[in-house]
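Colleague: What follows is a single structure, and I will ask about it in a moment.
What follows draws every value from the coordinates through simple rules; no lab data is involved. Model, not experiment: these values are computed from the prediction. FYI the Cβ positions are ideal-geometry reconstructions off the backbone, even for glycines, and counts take in every protein chain you see.
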Amino acid sequence: MLVSRVYHPHQGSQIFARAAFMVHGIRFASMNKSKTNKEIFEPLPREELVTKFKSKLRDREFTPGSTQGGFPEFLAEPRDSLPLGVRVHNPNQASLAQLTAKCMEFMEENHSQCPAILFRGLPARTANDFSTIAGNIPGKPLSYEVGGSTYRKQVDKSVKTYTASDDPLEVTMDTHNEMSYLNTWPKKLFFYSVKEADDNCGGETPLVKNSELLSKLDPEVVAKFEEKGVRYVRYLRDKSHDEYMNWQHMFGTEDKKEAERRAKGKGYHLSWNETQDLRLWQNRPVSIQHPQTGNKIWFNQIAAMHSSYYQIMPTFIGKGIPDDECPSNTYYGDGSPIEPEVIQHIRATTWSCAVGFQWRAGDLLALDNLAVQHGRIGYSGERKVLAYLTC
Ligand SMILES: [Fe+2]
């Protein structure tokens, strides 16, 4: 039996546990399977997941809602296996493709207990390596050419890897479930670090369990949204007068008819105005049932797609762009505005559930997109994270 160093949160110190692979009392399925898996996967010591410096949240610049009350002072450290850190060994000199297949097996067996798994130690460092990883992840890749909600670039057209976001680097992005504003969304979401931010420079990928968030939200707020739903409105300018979130970029086409086809395929209603700007809207539920766990989960982008996100961006400040001409905005499903205090409550509660972890180059983060939200802490300097989605 493998003897692993496991952090015990209640004793506050490292203990040795005679467990094949147990973290916080959870026995991980792959460890029961074969000797090979025991040789490949090992729990990552908690201290390797903790950043040296805690990122400030309260009164943080370019962070929507941070000055308006209720935010925790700092982004919390990883806890309760969020994320579950796993070191990947390669005793038999397997290829990256073969190791990826093993990681995916491990992920499938453990995601219902641990919906965020960080694999460290894969023989991978470059964007090309991520293409190899992505090419060996089961499931159909999902393209952002269905109307993503942030500015990004495609990295590898053949396997559909992207930069995670190219929104201004100093901006903190609210946590969210990827594409939960559409009628279909990725089930799994993979992030890969090419270059981590320097110490004390931000850049964490905050994680939030949807089930925990739902349990902490004001039930009256949840009930009102469940009754009315949420309306997502997009305002995508023509690229002739907006390089940032124009409809050509968002739908990956220059053809209006093709953009319309892609938008309608995702459930949007649409209209064009006289300057060839495209307005899109659709109503969605705010919570769904997780197909595997059966849990009701808070699954939406009410805060992340609210116009207040754009209004704090350096590129928007002082321009006087009305809320209904921001790239996105959210309303109650009947079209009425969401009270600012409700947006603030959602944001503050979400950040109170969020944890951050230490990225290292070559890390692969595998998320159950229905169970876990992700975001981005604003940063300075260099940092590069890529993304790949499967449905
Ligand atoms: Fe995202």
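Colleague: Using only the alpha-carbon atoms, how far is helix 219-228 inclined from the longest principal axis of the chain? Give it as 0 to 90 degrees, nearest 10.
Modeller: 50 degrees
Colleague: Report the Cα centroid-to-centroid distance between the range 59-116 and the range 314-391 in angstrom, as an integer.
Modeller: 17 Å
Colleague: Once Lys and Arg get +1 and Asp and Glu get -1 on their Cβ, which of PRO340, PRO322, GLY229 lies farthest toward the positive end of the dipole of the range 216-347?
Modeller: GLY229
Colleague: Read phi for every residue in the range 117-127 and hand back ³J(HN,Hα) as whole Hz from Karplus 6.51 cos²θ - 1.76 cosθ + 1.60, θ = phi - 60°, with x for Gly and Pro.
Modeller: Using θ = phi - 60°, the values come out as 10, 9, 8, 10, x, 4, x, 9, 9, 10, 4 Hz.
Colleague: Amide H to amide H under 5 Å from TYR379: which residues, 5+ apart in sequence or cross-chain, H placed 1.01 Å off N in plane?
Modeller: Amide H to amide H, under 5 Å and 5 or more residues apart or across chains, TYR379 pairs with GLU170, VAL171, GLY203.
Colleague: Using Cα positions and a limit of under 18 Å, work out the lysines in reach of LYS209, with same-chain residues fewer than 8 apart set aside.
Modeller: LYS209 reaches LYS187, LYS188, LYS296.
Colleague: When ranked by the protection proxy of mean other Cβ atoms within 10 Å per residue, highest first, what sequence do the peptides 80-90, 202-212 form?
Modeller: Per-residue Cβ counts within 10 Å, averaged per peptide and sorted highest first, yield 202-212, 80-90.
Colleague: To continue, here is another question. Could you list CYS103, CYS201, CYS326 so that the one with the fewest beta carbons within 10 Å of its beta carbon is first and the one with the most is last?
Modeller: CYS201, CYS326, CYS103
Colleague: Nearest 10 degrees is fine. How inclined is helix 256-265 to the longest principal axis of the chain, computing both from alpha carbons?
Modeller: 60 degrees
Colleague: Per DSSP H run of at least 4 residues, take -39500 (n - 2.57); add these up for the chain, divide by its residues and hand me the 222 nm value, nearest 500 deg cm²/dmol. Display every interim value, and only then the final one.
Modeller: On the way: 10 runs with 86 residues, N = 391.
So the helix-based figure for the chain works out to -6000 deg cm²/dmol.
Colleague: Next question. Can you pull the one-decimal nm distance between simple spin-label points at LYS54 and ALA223, each 7 Å off the Cα toward Cβ?
Modeller: Calculated label separation equals 3.5 nm.
Colleague: Which whole-number percent of Cα pairs in the chain have a distance greater than 27 Å?
Modeller: Details: 37260 of 76245 pairs.
Value for the chain (Cα pairs over 27 Å): 49 percent.
Colleague: Another question about this same structure. Roughly what % antiparallel, to the nearest 5, for the DSSP beta bridges in the chain?
Modeller: Just about 90 percent of them are antiparallel.
Colleague: How much length would be gained if the chain were fully extended between ASN283 and LYS257, taking 0.36 nm per residue of separation minus their Cα-Cα distance, in nm to one decimal? Show your work: numbers first, answer last.
Modeller: Working: separation 26, 0.36 × 26 = 9.36 nm, distance 2.24 nm.
Between ASN283 and LYS257, full extension yields an extra 7.1 nm.
Colleague: If Lys and Arg each add +1 and Asp and Glu each add -1, what is the summed charge of the other residues whose beta carbon sits under 12 Å from the beta carbon of ASN136? Kindly include the intermediate steps, with their values, before the conclusion.
Modeller: On the way: positive: LYS102; negative: GLU105, ASP129.
So the surrounding residues net to -1.
Colleague: Additional query: Mean separation of Cα pairs under 8 Å and 6+ residues apart, divided by the residue count of the chain: what relative contact order is that in percent?
Modeller: Relative CO of the chain lands at 28 percent.
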